[in-house]
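The values are calculated or read from the model by the stated rules, or taken from the named source; none is laboratory data. What you see is a predicted model; the values in this text were computed from it and never measured. All Cβ positions, glycine included, derive from the backbone under ideal geometry; neighbour counts span all protein chains shown. Side chains included, ligands, DNA and RNA excluded: accessible areas come from the protein's heavy atoms. Shrake-Rupley method; radii C 1.70, N 1.55, O 1.52, S 1.80 Å.
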Amino acid sequence: FLRIRDRAYIFYVLYVLTFAVAQLSLTGFSYQFIWPELPAWNQRSLAVITPLIVVCATMFVSDFLKLQNFQPLLYRYANILVVIGLVVAALSAVLPYATMIPYAAALAIFTCVSILIISYYIMFKNAYKYAIYFSAAWTAFLLGSVILAMNKFGILPRTGMTESVAQIGSAIEIILLSFALAERLHDASNRQLKAETETRRISEELIATQQQ
């Protein structure tokens, strides 16, 4: 982000950071190493961080897929999700954890499915290569989350794989999102190069016309 100054990269960094903190909270490492002196915050941290993940992820998706420029209706929908995420995060900071965590979890699931649908819609509509990486990334994350949920509800047996599949899916997602960002930058560079080549060609034709 510091080198390219593309907002999508800062939203990506924020999404990865919030998601990492959520994973640390789930495993107990955050209370052990980051805020051991804050038991009250630790009890409600996951309910606050989860909607913040929604906010960062939605802002990243909106900017990455350029919804404001090409899909204004989807852009407004994404903004609504961001506002809802901020409201849920604020309420989770003051209301009991047991009250807010179902809303935070439901919002996270709904947003993840929405992002998946939007990404596939953009992929089939525009056929950008970076949209393919993007859709594959969210598919891996959603599959991992669904398998973990089925494990928690007793549909799938509790094994080391089903317990850690969400973390594996999120790791695959982050790798594929990095590829998508790189491909998006490559695509933008190619478009700029083609535009410069076309401008040079037109300029040469004008000079030739003037000489004639």
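How many percent of Cα pairs in the stretch 69-212 exceed 20 Å?
That tail contains 65 percent of the Cα-Cα pairs.
Please check the chain for the longest run free of chymotrypsin sites (Phe, Trp or Tyr not before Pro) that are loop-located per DSSP (anything but H, G, I, E, B) and have at most 14 other Cβ atoms within 10 Å.
Values: sites that count: F1, F153.
Counting at most 14 other Cβ atoms within 10 Å as exposed, the longest clean stretch of the chain is 2-152.
Can you give me the span-like helices of the chain, meaning DSSP H runs with 18 Å or more of Cα extent along the axis and Kyte-Doolittle mean at or above 1.6?
Those that pass (Cα extent of 18 Å or more, hydropathy at least 1.6) are 72-92.
Just read off the accessible area of D187 with the full protein assembly in place, 1.4 Å probe, to the nearest 10 Å².
Around 40 Å² of this residue is reachable by solvent.
Could you calculate the contour length gain from Q43 to L185, that is, 0.36 nm times the residue separation minus the distance between their Cα atoms, to one decimal place in nm?
47.1 nm
Report relative contact order for the chain in percent, whole number only (criteria: Cα-Cα under 8 Å, sequence separation at least 6).
15
Which distance in Å, rounded to a whole number, links the C-alpha centroids of the stretch 155-212 and the stretch 84-140?
Taking the Cα centre of each part, the stretch 155-212 and the stretch 84-140 sit 22 Å apart.
Quick one: what Rg and Dmax do you get for the stretch 1-96 from the alpha carbons, in Å?
Final numbers for Rg and Dmax: 15.2, 47 Å.
So, in nm, how far is label T99 from label Y77 when the simple model puts each one 7 Å beyond its Cα toward the Cβ?
According to this spin-label approximation, the distance is 3.2 nm.
Need one value: the accessible area of R191 in square angstrom, 1.4 angstrom probe, rounded to the nearest 10.
For R191, the solvent-accessible surface is approximately 120 Å².
What does a probe at L86 reach in the stretch 3-19, counting residues whose amide N is under 20 Å from the point 7 Å along Cα→Cβ?
7-19
Would you mind telling me the share, in percent, of accessible area of the stretch 84-212 contributed by carbon and sulfur at probe 1.4 angstrom?
Using a 1.4 Å probe with all protein chains present, the stretch 84-212 comes out at 70 percent carbon and sulfur.
Roughly how much of S145 is accessible, in Å² to the nearest 10, using a 1.4 Å probe?
Spelled out: S145, probe radius 1.4 Å, area about 40 Å².
Can you work out the accessible area per residue across the chain, with the rest of the protein chains kept in place, probe 1.4 Å, in square angstrom?
Counting only protein heavy atoms, the per-residue value for the chain is 59 Å².
Obtain the nm distance between the two label points defined at L143 and T159 by a simple spin-label model: each point lies 7 Å from its Cα along the Cα-to-C-beta direction.
Label at L143, label at T159, 1.6 nm between them.
Per residue Cα convex hull volume for the stretch 143-204, in cubic angstrom? Display every interim value, and only then the final one.
Working: hull volume 3.9 nm³, N = 62.
Measuring per residue, one finds 63 Å³ for the Cα hull of the stretch 143-204.
Take a quick pass over the chain and tell me how many lysine pairs come in under 23 angstrom between Cα atoms, counting only ones 8 or more apart or on separate chains.
5
Any number yet on Rg/Rh for the stretch 67-141, C-alpha, Kirkwood? Mind showing how you got there, number by number?
On the way: Rg = 14.8 Å, Rh = 13.8 Å.
Here Rg/Rh amounts to 1.08.
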